[in-house]
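First the structure, in the form of structure tokens, and then the observations on it.
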Amino acid sequence: MNPVIGLDVSKGESQVQAFLDKGKPYRKSFKVSHTLEGLASLGEFLEKVKEQSGVKPPIILESTGHYQTPVVHYLEE
């Protein structure tokens with residue numbers, strides 16, 4: 001499998017979509033807020049994708065100037 005997570009970043013929240021392989025979405029897309037609780041739920045989701053695919057998925061997000069900063073900081077930790 002070649003899983004990947006895509007984030008559409010905007011002010012205060014991100015839309016999340018995961019794919020287990022090319023053309024195979026994993027669940028429906030959903031939004032997470034850029035709060036500790038929202039980002040923690042994103043972290044839990046990333047672990048579920050990793051368990052399902054057996055591989056740590058790369059995360060692709062757009063550079064929005066500064067809106068992605070809390071997401072990147074959370075993921076780096």
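Counting only Cα, what are the radius of gyration and maximum Cα-Cα distance Dmax of the chain, in Å?
11.8, 33
Is it possible to state the helix-based mean residue ellipticity at 222 nm for the chain, with each DSSP H run of 4+ residues giving -39500 (n - 2.57), the sum divided by total residues, to the nearest 500 deg cm²/dmol? What is it?
-10500 deg cm²/dmol
Share of antiparallel DSSP beta bridges in the chain, in percent to the nearest 5?
Given both bridge residues lie in the chain, the antiparallel proportion sits at roughly 80 percent.
Report, to the nearest 10°, how far helix 36-53 tilts away from the longest principal axis of the Cα atoms in the chain, using its own Cα long axis and a range of 0 to 90°.
Tilt relative to the chain: about 20 degrees.
Values quoted throughout were computed directly from the atomic coordinates according to the rules given, and no laboratory measurement underlies them. Because the structure is predicted, anything quoted here is derived from the model rather than measured.
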